[in-house]
Amino acid sequence: MTPLTQYRLITVSNIDLSDKRYTLNPFPSTESMEALRDDIGTYGILHPPLLLEHNDNEFTVLSGRKRVQIAAENRNISITALIIEHTVHDQQLIYSTLLQHQLIGAPLSIIEQAVFFQKAMPCLPKKSIVEFLPLMGYKPKPHIPDELISFLELAPAARLGLHKGTISPRTGKKLLLFPLADQQKLAELINELQLGGSKQQKLVDQVLELTKRLRLSVDELLNSRQEEEQDRQLNEPQKTASLLKWLQQKCSPKSVAAEADFTKFCQQLQLPPGVKLGHTLSFEDKQVTLSLEFASRKHLEKIWPQIKALLHPSHSS
């Protein structure tokens, strides 16, 4: 069987770099471009680009755009490329080859995955779209492509955070519940404070609750706090801890007050090492639990009669 792709020497001027129909990365990095430029200067193009041929001997870049750009900048007359012949009109083959070629270097970012499905869905049946999911590490579930595409509706800072991996997909889903301006503000804050996944979730969940309850924008909510703390000089971890504590107090003032009162009570008891006092979930009632740690069962057996006498004085006589 004759392969539908083949390596050929292609004249660089015949490659149409203005055609970005198949470009997946909406955030080209100048840093990665510089690193690639240095590598190509030293070793040449080790990973030839993937091109789609047209009848007029012109070519569209499917994958490896940066390599073609660098070749054009270096005024190379020709480069070796992997070509999908002009006789091929099978969109399934085109997108399958594009995806396989992209995955040779590194996994696609969440945003690149979203762009891939956004471009492929108008061209292919749903069944074919779902078949791409396992290549990206997903289960073949029909709702996932649409879920990924929804991330493209986020504000620029949120999309960039998802692309770089500084914002988790779970946080991205929650950000879709906010207006665009609020998405932008929260994404910038997550980036500024360098919040990990669990702290991102806590921040977004609490801000969502407060903005809905108080009918405020994220800017208005956070500005009210900045006025209260404008003279405080904090480092990034301290800012994070202070912000989350403030949000928790705003969300659950009674719970925060109860926690402070319980902490004060524990301090007054001057509990020795190995002794802990616990409370019920969310302080639902006044019950407390005293926990004791022992070095061994023998140690517990030795002191147990005294503890038992204290707990049940009427039975010790």
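Every read-out reported here was derived from the displayed coordinates using simple, explicitly stated rules and does not represent laboratory data. The structure displayed is predicted, hence computed values, not measured ones. Cβ placement follows ideal geometry from the backbone for every residue including glycine, while neighbour counts extend to all protein chains displayed.
Kirkwood hydrodynamic radius for segment 150-245: how many Å is it when counted over pairs of different Cα atoms?
On the way: mean 1/r = 0.0739 Å⁻¹.
Result for segment 150-245 stands at 13.5 Å.
So what is the relative contact order of segment 271-315, in percent, for Cα pairs below 8 Å that sit 6 or more residues apart?
Working: 28 pairs, mean separation 12.4, N = 45.
28 percent.
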- Scan the chain and report its longest stretch carrying no GluC sites (Glu not before Pro) that are both in a DSSP loop and have at most 10 other Cβ atoms within 10 Å. 1-283
- Report the residues of segment 170-198 in range of a label on Leu244: point 7 Å along Cα→C-beta, backbone N strictly under 11 Å from it. 195-198
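Based on Cβ point charges of +1 for Lys and Arg and -1 for Asp and Glu, what charge dipole magnitude is obtained for segment 155-251 about its Cα centre, in debye rounded to the nearest 20?
Numbers: 16 positive and 12 negative charges, 103 e Å.
Here segment 155-251 has a charge dipole of around 500 debye.
Counting pairs of alpha carbon atoms under 8 Å apart in space and at least six apart in sequence, what relative contact order in percent does the chain give?
Values: 309 pairs, mean separation 34.6, N = 317.
Normalised by residue count, the contact order of the chain is 11 percent.
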- For segment 39-86, what does the equivalent ellipsoid look like in terms of its semi-axes, each the square root of 5 times an eigenvalue of the Cα gyration tensor, given largest first in whole Å? 20, 11, 8
- Task: At 7 Å along the Cα-to-beta-carbon direction for both Lys202 and Leu300, put a label point, then send me their distance in nm to one decimal.
- Result: 3.2
- Query: On a 0 to 90 degree scale, rounded to 10, what angle separates helix 253-269 from the longest Cα axis of the chain?
  - Reply: 50
- Message: I'd like the orientation of helix 30-43 relative to the chain: the angle between its Cα long axis and the longest Cα principal axis, in ° from 0 to 90, rounded to 10.
- Response: 50
- Item | C-alpha long axis of helix 236-251 to longest principal axis of the chain, angle in ° | 70
- Charge dipole (the chain, unit charges on Cβ, about Cα centre) - positive-most of Thr87, Ala71, Leu108: Leu108
- Message: Looking at the chain as a GNM with Cα springs under 10 Å, which of Ser252, Ser18, Ser291 has the largest mean-square fluctuation?
- Response: Ser291
- Task: Can you quote the Å³ per residue value for the convex hull of the Cα atoms in segment 128-179, rounded to an integer?
- Result: 83
- Under a Gaussian network model of the chain whose springs join Cα atoms within less than 10 Å, the largest fluctuation of Leu93, Leu175, Leu290 belongs to Leu290
- Message: Please list, by residue number, every one of the trypsin sites (Lys or Arg not before Pro) in segment 143-239 that is coil in DSSP and has at most 15 other beta-carbon atoms within 10 Å.
- Response: Arg215, Arg232
- How much FRET efficiency would the formula 1/(1 + (r/R0)^6) give for Asn57 and Ser32, where r is the Cβ-Cβ distance and R0 is 35 Å, rounded to 0.05? 0.70
- Message: Only Cα pairs within less than 10 Å get springs; with that Gaussian network setup on the chain, which residue of Leu46, Leu124, Leu62 has the largest fluctuation?
- Response: Leu46
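Run through the DSSP bridge list for the chain and note the antiparallel percent, rounded to the nearest 5.
Numbers: 16 of 21 bridges.
Given both bridge residues lie in the chain, the antiparallel proportion sits at roughly 75 percent.
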- Cα-based Debye curve of segment 1-152 sampled at q = 0.12 Å⁻¹ gives log₁₀ I(q)/I(0) of -0.53
- Options (1) 46, 22, 15; (2) 59, 25, 20; (3) 48, 24, 16 are given for semi-axes √(5λ) of the Cα gyration tensor in Å, and the computed one is (2)
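Quick check: convex hull of the Cα atoms in segment 271-315, volume per residue, rounded to a whole Å³?
Working: hull volume 4.8 nm³, N = 45.
Here the figure is 107 Å³ per residue.
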- Stretch Leu17-Lys126 to full length: gain in nm at 0.36 nm per residue minus the Cα-Cα span? 36.3 nm
